[in-house]
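Structure first, then comments.
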Amino acid sequence: MRSTSALALMMASLAVGALSACGDGDKKDNTPDSGTSSGNGKCPASAYICENFDNGDNGWKQPDDFHFATVTIDGSRTRSGSGAVHVVTEAGHNEEPFEPGKDEQAIAHLRKDIPQFGTKLYARAYVYLSRSSPPGVMGTYFILFSPNDNDFGGIELQGLPNGGFALDNWTGRGTGWNYQDEDPVVVKVSPNRWTCIEWGVERDSATAETGHAMAWADGQLAYDFPNVGMRPFTNFAVGYGFVHPKGDSESETWIDDLVVAPERIGCE
């Protein structure tokens, strides 16, 4: 189900099948001081990644499998400097009807290794969507992934058609999927503008099997997703696209000014 590898697709399908679709969805821990931020939006000395994409690939790895999408670093639209991640997904891909071995994703990411996840990790990027995700489909922004055979799994921050956030968990632990279920959604990502998106992942100890994950848009806390499965994540991916497209799969997205650190970065 994910754009990590064929193995990831198989394991993710097994994990999601074993987990509830939306358990604990009514719990909202939107405490204003969750993930306290310095507020300056600058790259801290502790950062694992501080990237404005002005230096080309700069150690980023292209996807190891093709999912009807392209990801490049170019200057077609930037928030700052001369480069940004540019993702284009193809139109007309539909995962339904389901067929064993069929791959109808429309998604692409760039990936980079990071130090093994301990208790806190935060990501901040500016994202420009050409459109909201299609009805009934989630768009994926960030992925944290553990490729270890004996500790395999990942979590990802997704965008909903209404501009809210979802958290997909394919670690085999905790709640399988959780989402921002307000009506209307107040804190959200809107297309055709740069939005500061932040993602915070926390657990009580470096061995805890579950924790929680927060999402912010332009500095406002959107949701605090509970009961999120944790693994020793060592890989971070950034990009966009649809794991479960329904035919309306065409999109164009730009991402710039990315920071990943063990402390919250905030928006500039």
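Sorted by average packing, counted as other Cβ atoms within 10 angstrom per residue and highest first, what order do 246-253, 144-151, 160-167 take?
160-167, 246-253, 144-151
To the nearest Å, what is the center-to-center distance of the stretch 209-268 and the stretch 81-157, using C-alpha atoms only?
The two parts, judged by their Cα centres, are 9 Å apart.
What FRET efficiency do you get for Asn192 and Asn58 if R0 is 30 Å and r is their Cβ-Cβ distance, rounded to the nearest 0.05?
With a Förster radius of 30 Å, E is 0.60.
Could you rank the peptides 111-117, 169-175 by their average count of other C-beta atoms within 10 Å per residue, with the highest value first?
169-175, 111-117
How are the alpha carbon pair distances in the stretch 6-261 distributed across 10 Å bins from zero to the largest one, expressed in percent?
7, 33, 40, 18, 1
Most fluctuating residue of Pro226, Pro97, Pro245 in a GNM of the chain with Cα springs under 10 Å: which is it?
Pro97
Within 10 Å, count the other beta carbons around each residue, average over each peptide in 153-159, 52-58, and list them highest first.
153-159, 52-58
Would you work out if the stretch 95-207 is rounded, prolate or oblate? Take a ≥ b ≥ c from the square roots of the eigenvalues of the alpha-carbon gyration tensor; rounded if a/c is under 1.5, else prolate when a/b is larger than b/c, oblate otherwise.
Verdict is oblate for the stretch 95-207.
Hey, what do the phi angles of the stretch 198-215 turn into as Karplus ³J(HN,Hα) couplings, whole Hz, using 6.51/-1.76/1.60 and θ = phi - 60°, x for Gly and Pro?
Couplings: 10, 9, x, 10, 9, 8, 6, 8, 6, 10, 5, 8, 9, x, 9, 9, 10, 10 Hz.
Could you work out how far apart the two model spin labels at Lys120 and Lys102 are, taking each label as a point 7 Å from the Cα in the direction of the beta carbon, and quote it in nm?
Label at Lys120, label at Lys102, 4.6 nm between them.
Report the relative contact order of the stretch 6-261, percent, no decimals, based on alpha-carbon pairs under 8 angstrom and at least 6 residues apart.
Value for the stretch 6-261: 31 percent.
What distance in nm separates the simple spin-label points at Tyr48 and Ser76, each placed 7 Å from Cα in the Cβ direction?
In this crude label model, Tyr48 to Ser76 measures out at 2.9 nm.
Is the shape of the stretch 89-152 best called rounded, prolate or oblate, per the rule: a/c under 1.5 gives rounded, else a/b larger than b/c gives prolate, else oblate, with a ≥ b ≥ c the square roots of the Cα gyration tensor eigenvalues?
oblate
Bear in mind that the values in this text are calculations on the coordinates, not laboratory data. Since the model is a prediction, treat every value here as computed from it, not as a measurement. We place every Cβ from the backbone using ideal geometry, glycine too, and count neighbours over all the protein chains shown.
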